[in-house]
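Taking it in order: structure first as structure tokens, then the write-up.
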Amino acid sequence: MKRTKIKGILKSDATDYKVNVKGWVRSFRNNQFIALNDGSCMGNIQVVIELGADEALLKRITTGASISVDGTVIASLGKGQKVEVKADSVTILGDCDTEQYPLQLKNKPSLEYLREIAHLRFRTNTFGAIFRVRHSLAYAVHKFYNDRGFVYLHTPIVTASDAEGAGEMFRVSTLPFDNPPRNEDGTIDFKEDFFGRCTNLTVSGQLEAELGAMAFSEVYTFGPTFRAENSNTARHLAEFWMIEPEVAFNDIHDNMDLAEDFIRYLIAYVMEHNKEDLEFLAQRLADEEKQKPMNERSELGLVEKLEFVVNNKFERITYTEAIDILLNSAHYKKKKFQYDVSWGIDLQSEHERYLVEKHFKKPVIVTGYPKDIKAFYMRQNDDGKTVAAMDILAPGIGEIVGGSQRDERLDKLTQRMNEMHIPTDEMYWYLDTRRFGTVPHAGFGLGFERMVLFVTGMGNIRDVIPFPRTPKNAEF
RNA sequence: UCUUCCUUAGCUCAGUUGGUUAGAGCAUCUGACUGUUAAUCAGAGGGUCCCCCGUUCAAGUCGGGGAGGGAGAGCCA
């Protein structure tokens with residue numbers, strides 16, 4: 001008999017039909033009631049076994065075991081669920097030794113412990129919800145751009161470009177570690193390497209995406225990126241996924257509109273399609289908040305927070321305005337900032353948090369940063385001091401989007417590259433876009449895991465990617 | 001990388017000024033019960049107190065070093 005997904009059975013009120021269900025036992029009560037989960041949704045189906053069933057079989061129905069059940073969907077005789085499956089036969093697909101299985105429903109293992117058994121944590125309610133939401137977000141990313149006529153461009157994972165300046169890189173090489181070929185001056189001779197040059201894992205697909213935008217007008221990338229920085233925080237991963245749209249003919253304002261629409265769309269999509277998961281995650285967050293002292297608790301629940309973001313425009317301010325707000329704040333006057341504020345500084349976490357969480361209490365888009373703290377490709381404004389950059393800051397997680405209008409003027413761009421010691425000859429392919437039919441264009445990068453963090457209300461980025469890669473950790 | 005906190009049973013945690021045989025809840029096992037919903041009830045087993053060195057008659061407890069983890073910070077998405 002063909003398997004029926006548990007989600008489908010629970011969704012419907014229909015009864016008195018035969019089904020086959022397969023899944024993993026979450027709990028087995030009274031030698032009679034199995035809570036069975038197949039990952040298709042949050043909920044378990046209750047499988048009821050007739051009293052007096054074979055005892056050897058009953059012994060093997062343990063938490064974590066996988067089983068196949070043939071039976072009839074009936075209106076539940078007990079309270080707590082609408083329907084249940086009255087079993088005609090139960091087959092053990094895979095035994096699970098309870099003495100060794102680390103997940104027991106009634107235990108409340110910490111997120112840190114579950115991280116150590118990341119290969120099994122999908123079987124918990126929390127991680128089931130998180131990764132169903134993650135999936136929905138990924139799907140919504142593609143749907144958003146596809147519906148708007150963007151071309152999904154696959155930018156390379158292995159790159160030779162080292163001029164992106166986005167961070168430390170992981171080297172890709174097949175040269176022997178112990179005795180690599182060397183040049184006369186002692187440096188490693190990468191001409192002998194697999195690609196005949198020094199290569200790394202990509203830190204961003206942006207530059208390549210720009211090449212695509214110069215033909216398709218609208219492109220986006222969505223893929224893994226790698227940063228070899230020794231960042232030990234709840235917001236950084238060495239391997240993470242990033243979405244980078246790039247649009248020809250867009251200026252910085254179009255770029256902001258796109259980013260804002262995009263974020264709102266993603267949240268709305270999940271709110272519509274993962275209601276149950278979000279409600280569970282909201283409850284989890286609420287329980288966690290109860291552990292905190294009153295003054296540290298957030299004012300809004302998870303669902304309310306997401307609704308708020310969907311229903312309210314993001315605040316848009318310039319960097320200069322942001323600095324003024326900070327300088328005029330009581331917080332600053334009482335000298336409560338650890339880092340001083342003045343025009344030209346890179347905004348520190350505490351400054352961003354003040355703007356987003358205290359002052360505006362909503363996502364904020366900051367534009368017009370000083371050129372000296374931003375990347376070479378950002379379009380220089382006429383004031384000679386700032387660039388058409390934009391960052392979107394979100395409550396709780398800080399920078400979720402970084403983007404800009406790109407400088408389409410060959411002379412300005414090469415001048416800036418020279419100032420910043422970026423080799424223009426190696427970047428000929430990038431500069432060709434400015435030589436051959438250049439157009440104004442803009443784009444941004446959105447850190448996918450940070451988006452998942454925001455939507456799920458989780459606190460640590462390691463809990464929203466299946467197998468986190470961080471300094472000193474590449475298990476599984 | 002810096003600051004700070006933590007590491008005791010499978011999990012979550014107590015453990016008093018250093019002092020007999022290191023505890024609890026849950027999980028697990030055995031039995032009872034049987035329309036349960038974190039089932040319930042009775043009983044049992046389960047420990048390299050993270051590692052090393054030191055102080056002491058005596059160290060889970062004090063000191064030094066190391067490892068791992070959390071939370072902040074820097075870097076960034």
Seminar exercise, completed: Residue pairs within 6 Å by beta carbon, gap of at least six or interchain, first lying in the range A:422-437 and in the same structural domain as A:Glu208 (by TED's automatic domain parsing) and closer than 16 Å to A:Ala160 by Cα, second open to solvent by less than 20 Å² (accessible area, probe 1.4 Å) and part of a helix (DSSP H, G or I), listed first then second, are A:Thr424/A:Met417; A:Tyr430/A:Leu207
For this session: Kindly provide the set of residues from the range A:65-87 that are more than 14 Å from RNA strand B (Cβ to nearest atom) and either exposed (fewer than 12 other Cβ atoms within 10 Å of the Cβ) or closer than 21 Å to A:Arg123 by Cα (or both), ordered by number.
Result: A:Ser66, A:Ile67, A:Ser68, A:Val69
For this session: Answer yes or no as to whether A:Asp95 is modelled with pLDDT under 90, open to solvent by 50 Å² or more (accessible area, probe 1.4 Å) and within 24 Å of A:Met1 (Cα to Cα).
Result: no
Exercise. What's the number of the condition A:Leu120 fails, among (1) surrounded by fewer than 12 Cβ atoms within 10 Å (Cβ to Cβ); (2) more than 10 Å from RNA strand B (Cβ to nearest atom)?
Worked result: (1)
For this session: Could you tell me which residue of the range A:158-181 is modelled with the lowest pLDDT, considering only residues that are of a type in the set (A, V, I, L, M, F, W, C) and open to solvent by 70 Å² or more (accessible area, probe 1.4 Å)?
Result: A:Phe177
Exercise. Can you tell which of A:Asp277, A:Asp287, A:Asp254 is assigned to a helix (DSSP H, G or I), assigned by TED's automatic domain parsing to the domain that holds A:Arg379 and over 20 Å from A:Val464 (Cβ atoms)?
Worked result: A:Asp254
Exercise. Mind checking which residues of the range A:105-117 are surrounded by fewer than 14 Cβ atoms within 10 Å (Cβ to Cβ), assigned to a loop (DSSP other than H, G, I, E, B) and of a type outside the set (D, E, K, R)?
Worked result: A:Asn107, A:Ser110
Seminar exercise, completed: Counting only residues in the range A:27-57 that are under 31 Å from the mean Cα position of the chain (by Cα) and open to solvent by 30 Å² or more (accessible area, probe 1.4 Å), the one nearest to A:Leu93 (Cα to Cα) is identified as A:Gly39
For this session: Report the residue count in the range A:182-202 for those that are assigned to a loop (DSSP other than H, G, I, E, B) and open to solvent by less than 100 Å² (accessible area, probe 1.4 Å).
Result: 8
For this session: Return a yes/no flag: does the range A:432-447 have any residue that is within 15 Å of RNA strand B (Cβ to nearest atom) and out of contact with any strand residue (DSSP E or B) (no Cβ under 7 Å at 6 or more places or on another chain).
Result: no
Seminar exercise, completed: Within the range A:5-14, of all residues that are at pLDDT below 95 and not aliphatic (A, V, I, L, M), the one surrounded by the fewest Cβ atoms within 10 Å (Cβ to Cβ) is A:Asp13
Exercise. More than 9 Å from RNA strand B (Cβ to nearest atom), assigned by TED's automatic domain parsing to the domain that holds A:Ala35, open to solvent by less than 60 Å² (accessible area, probe 1.4 Å) and within 36 Å of the chain's Cα centre (by Cα), is that true of A:Val90?
Worked result: no
For this session: Only residues that are open to solvent by less than 30 Å² (accessible area, probe 1.4 Å) and not in a strand (DSSP E or B): list them for the range A:209-230, please.
Result: A:Ala209, A:Glu210, A:Gly212, A:Ala213
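Which one is nearest to RNA strand B (Cβ to nearest atom) among residues in the range A:448-468 that are of a type in the set (D, E, K, R) and farther than 23 Å from A:Ala209 by Cβ?
A:Arg462
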Exercise. For the range A:140-152, what are the residues that are over 18 Å from A:Leu302 (Cβ atoms) and in contact (Cβ under 8 Å) with a residue 24 or more places away in the chain?
Worked result: A:Val141, A:His142, A:Lys143, A:Phe144, A:Tyr145, A:Arg148, A:Gly149, A:Phe150, A:Val151, A:Tyr152
Seminar exercise, completed: Going through (1) surrounded by fewer than 22 Cβ atoms within 10 Å (Cβ to Cβ); (2) closer than 30 Å to A:Val203 by Cα; (3) among the β-branched types (Val, Ile, Thr) one by one, A:Val270 fails only at (1)
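The values are calculated or read from the model by the stated rules, or taken from the named source; none is laboratory data. Computed from a predicted structure; not experimentally measured. In this analysis, Cβ positions are derived from the backbone assuming ideal geometry, glycine residues included, and neighbour counts consider all displayed protein chains. Note: accessible area is taken over every heavy atom of the protein model, side chains too, but ligands, DNA and RNA are not part of it. Shrake-Rupley method; radii C 1.70, N 1.55, O 1.52, S 1.80 Å.
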